[in-house]
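S.K.: Take this structure first; my questions come after.
The values are calculated or read from the model by the stated rules, or taken from the named source; none is laboratory data. Remember, it's a predicted structure, so these values are computed and weren't measured experimentally. Counting neighbours? That spans all protein chains shown, and the Cβs are built from the backbone with ideal geometry, glycine included.
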Amino acid sequence: GRTSVQSQNARIALEQQKIQMEKTQSTVSKDVMNAYATYQNALFVLRAQAQNLETARRNFDRTDEMYRQGQITSIEFRQAQLNQLNSDVNYSKAKYDAKLAELTLKQLTGTLF
């Protein structure tokens with residue numbers, strides 16, 4: 001009687017632990033997949049921002065030359081400077097976001113050393 005109830009309770013507790021472990025594994029797996037997708041997206045944004053930065057630098061170089069030749073106003077020149085500065089900031093933020101996403105992924109996969 002009594003050992004039978006204890007045995008049943010132990011089996012139920014074991015089953016509950018198995019269910020909890022499966023839920024935890026599922027959650028971790030989902031977290032890793034989400035972190036990987038976030039990392040891939042961050043790398044895509046980083047590449048796009050690198051291209052934007054290069055374009056802004058070329059545009060500024062061209063604008064600088066035009067300003068020196070008196071072909072554009074100081075307002076247009078300042079706008080080109082601002083565009084380049086914004087591109088620099090956006091690129092730096094994209095680098096930071098990509099590194100943060102990479103570290104999050106490594107942390108979740110246990111490869112952060």
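S.K.: Out of L14, L82, L46, which single residue is closer than 26 Å to K106 by Cα and hydrophobic (A, V, I, L, M, F, W, C)? I'd like the intermediate steps shown before the answer.
M.R.: Details: L14 fails: closer than 26 Å to K106 by Cα; L82 fails: closer than 26 Å to K106 by Cα.
Answer to the selection: L46.
S.K.: Is at least one residue of the range 67-76 in a helix (DSSP H, G or I), touching a Phe, Trp or Tyr at 6+ places or on another chain (Cβ under 6 Å), more than 26 Å from T109 (Cβ to Cβ) and without any contact (Cβ under 8 Å) to a residue 24 or more places away in the chain?
M.R.: Scanning the range 67-76, I find at least one residue that is in a helix (DSSP H, G or I), touching a Phe, Trp or Tyr at 6+ places or on another chain (Cβ under 6 Å), more than 26 Å from T109 (Cβ to Cβ) and without any contact (Cβ under 8 Å) to a residue 24 or more places away in the chain, so the answer is yes.
S.K.: Could you pull out the residue among S26, S4 that is of a type outside the set (A, V, I, L, M, F, W, C), exposed (fewer than 10 other Cβ atoms within 10 Å of the Cβ) and part of a helix (DSSP H, G or I)? If you could, list the steps in order and put the result at the bottom.
M.R.: Values: S26 fails: exposed (fewer than 10 other Cβ atoms within 10 Å of the Cβ).
Matching residue, one of S26, S4: S4.
S.K.: Just to be sure before I move on: is N52 closer than 30 Å to Y91 by Cβ, under 13 Å from the mean Cα position of the chain (by Cα) and at pLDDT 95 or above in the structure I sent?
M.R.: On the way: closer than 30 Å to Y91 by Cβ: yes; under 13 Å from the mean Cα position of the chain (by Cα): no; at pLDDT 95 or above: yes.
No, not satisfied.
S.K.: Also, quick follow-up: Can you pull out the residues in the range 88-113 that are loosely packed, with under 15 Cβ neighbours inside 10 Å, of a type in the set (S, T, Y) and under 17 Å from Q51 (Cα atoms)?
M.R.: Result: S92, Y96.
S.K.: Which of the residues belonging to the range 80-100 are more than 17 Å from V45 (Cα to Cα) and without any contact (Cβ under 8 Å) to a residue 12 or more places away in the chain?
M.R.: Result: L82, L85.
S.K.: Then there's this: For the range 42-87, name all the residues that are surrounded by 13 or more Cβ atoms within 10 Å (Cβ to Cβ), farther than 18 Å from A98 by Cα and small (G, A, S).
M.R.: A56, A80
S.K.: Given the condition more than 30 Å from N86 (Cβ to Cβ), surrounded by 13 or more Cβ atoms within 10 Å (Cβ to Cβ) and touching a residue at least 24 places away in the same chain (Cβ under 8 Å), answer yes or no: does some residue in the range 30-39 qualify?
M.R.: Here is the first cut: in the range 30-39, the ones more than 30 Å from N86 (Cβ to Cβ) are 30-33.
Filter once more, so that each one left must be surrounded by 13 or more Cβ atoms within 10 Å (Cβ to Cβ): 31-32.
Then keep just the ones that are touching a residue at least 24 places away in the same chain (Cβ under 8 Å); that gives 31-32.
Checking the range 30-39: at least one residue is more than 30 Å from N86 (Cβ to Cβ), surrounded by 13 or more Cβ atoms within 10 Å (Cβ to Cβ) and touching a residue at least 24 places away in the same chain (Cβ under 8 Å).
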